Amino acid sequence: MPHRPRITHVIYDLDGTLLDTEPLYRQVTTTILARYGVPLDPAVRAQMIGRPTSVASRILIEATGIPLTPEEFAHEREEALAILFRDVLPTRGARALTAHLRAHRIPQAIATSSSARSLADKRVAHDAWFGEFEAIVTSEDVAHGKPAPDIFLEAARRIGAAPEACLVFEDAPLGVESALAAGMSVIALPETGHETLVTSAHLVLNHLEAFDPAEWGLPARR
């Protein structure tokens, strides 16, 4: 087993890591583009994943040339997503892992590129669960979004952790880059087809259920 730093705190990305929202983002974006006869290019979508809404919207508009401003696209997408988020489900193993670590008093935080409004929409169905995290940091809380390290460093600061003592779970390549830049250990949970984009992570898993806390010095599951 490779040497690993002593982990005392855990930080999660939100979209695609704790909540299965990525298919919803893809669905709404595809629907908007279809109105203009434009398909959603997987390469463009890969550039958008993990970025703050304003940045992701600008990337899409510049790549597709549809007659919307980034602000108009972002507004339309958020209005449609707000409805879909009411029924969004946790990803496989997310609730069980966070409950296990909470039971053993391991501090946990969320560091998400979501806006505060988007976060509020996602909390509707999961408010009690989200309330169990010691901190939640959004893109609006930091000067620079992912792939800059700011959001993970701020999450660590809020839960009183040194960066090297933090383990991060991320699904997006930009998020992996961000956490590594923050000096943290990173486990990637890429969606199918993006595995080669997260090879810099310390470990790559298919889902949180496959995570073995004991391998990282955290309390073992029973």
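Collect the residues in the stretch 36-59 that are within 12 Å of residue 26 (Cα to Cα), touching a residue at least 24 places away in the same chain (Cβ under 8 Å) and of a type outside the set (Gly, Ala, Ser), keeping them in residue-number order.
42, 49
Out of (1) surrounded by 17 or more Cβ atoms within 10 Å (Cβ to Cβ); (2) touching a residue at least 24 places away in the same chain (Cβ under 8 Å); (3) out of contact with any strand residue (DSSP E or B) (no Cβ under 7 Å at 6 or more places or on another chain), what's the single condition that is false for residue 164?
So residue 164 meets the others, but not (1).
Considering only residues that are outside any loop (DSSP other than H, G, I, E, B) and more than 16 Å from residue 17 (Cβ to Cβ), which ones fall in the stretch 155-169?
Residues satisfying the conditions are 156, 157, 158, 163, 164, 165.
Take the stretch 110-126 and flag every residue that is surrounded by 18 or more Cβ atoms within 10 Å (Cβ to Cβ) and in contact with a Phe, Trp or Tyr (Cβ under 6 Å, 6 or more places away or on another chain).
110, 111, 121, 122
Can you report the number of residues in the stretch 173-222 which are touching a His at 6+ places or on another chain (Cβ under 8 Å), surrounded by 18 or more Cβ atoms within 10 Å (Cβ to Cβ) and assigned to a loop (DSSP other than H, G, I, E, B)? Quick ask: steps written out before the conclusion?
Going through the stretch 173-222, the residues touching a His at 6+ places or on another chain (Cβ under 8 Å) turn out to be 173, 185-187, 189, 213, 218-219, 221.
Next cut, surrounded by 18 or more Cβ atoms within 10 Å (Cβ to Cβ) only: 173, 185-187, 189, 213, 218.
Now restrict to residues that are assigned to a loop (DSSP other than H, G, I, E, B): 189, 218.
Residues that pass the stated criteria total 2.
Kindly indicate the residue of the stretch 87-107 that is buried (at least 21 other Cβ atoms within 10 Å of the Cβ) and within 14 Å of the chain's Cα centre (by Cα) and also nearest to residue 168 (Cα to Cα) among those meeting that condition.
Going residue by residue through the stretch 87-107, those that are buried (at least 21 other Cβ atoms within 10 Å of the Cβ) are 91, 94, 97-98.
Narrowing the set further to residues that are within 14 Å of the chain's Cα centre (by Cα) leaves 91, 94.
Values: 91: 16, 94: 13 Å.
This residue is 94.
Can you tell me which residue in the stretch 15-55 is nearest to residue 123 (Cα to Cα), limited to those that are surrounded by fewer than 13 Cβ atoms within 10 Å (Cβ to Cβ) and of a type outside the set (Ser, Thr, Tyr)? Outline the logic, then answer.
Here is the first cut: in the stretch 15-55, the ones surrounded by fewer than 13 Cβ atoms within 10 Å (Cβ to Cβ) are 23, 34-37, 39, 42-43.
Next cut, of a type outside the set (Ser, Thr, Tyr) only: 23, 34-35, 37, 39, 42-43.
Numbers: 23: 18, 34: 29, 35: 30, 37: 33, 39: 30, 42: 28, 43: 29 Å.
Applying the filter and picking the extreme gives 23.
State yes or no: is residue 153 touching a helix residue (DSSP H, G or I) at 6+ places or on another chain (Cβ under 6 Å) and over 16 Å from residue 6 (Cα atoms)?
For residue 153, the condition - touching a helix residue (DSSP H, G or I) at 6+ places or on another chain (Cβ under 6 Å) and over 16 Å from residue 6 (Cα atoms) - is not met.
Looking at (1) over 25 Å from residue 177 (Cβ atoms); (2) of a type outside the set (D, E, K, R); (3) part of a loop (DSSP other than H, G, I, E, B); (4) touching a Ser or Thr at 6+ places or on another chain (Cβ under 9 Å), which is the only condition residue 82 fails?
Result: residue 82 passes all but (3).
Of everything in the stretch 99-154, what is part of a helix (DSSP H, G or I) and in contact with a Gly (Cβ under 6 Å, 6 or more places away or on another chain)? Give them in sequence order.
139
Quick one: how many residues across the stretch 182-213 are touching an Asp or Glu at 6+ places or on another chain (Cβ under 9 Å), hydrophobic (A, V, I, L, M, F, W, C) and modelled with pLDDT of 95 or more?
Looking only at that region, the number is 9.
Return the only residue of 185, 200, 139 being within 21 Å of residue 54 (Cα to Cα) and touching a residue at least 24 places away in the same chain (Cβ under 8 Å).
None of the other options fit; the residue is 139.
Return yes or no: is residue 71 surrounded by fewer than 16 Cβ atoms within 10 Å (Cβ to Cβ) and touching a residue at least 12 places away in the same chain (Cβ under 8 Å)?
So residue 71 passes the test.
The values are calculated or read from the model by the stated rules, or taken from the named source; none is laboratory data. Given the structure is predicted, the values throughout are model-derived calculations rather than measurements. Note that we place each Cβ from the backbone using ideal geometry, even for glycine, and neighbour counts take in every protein chain shown.
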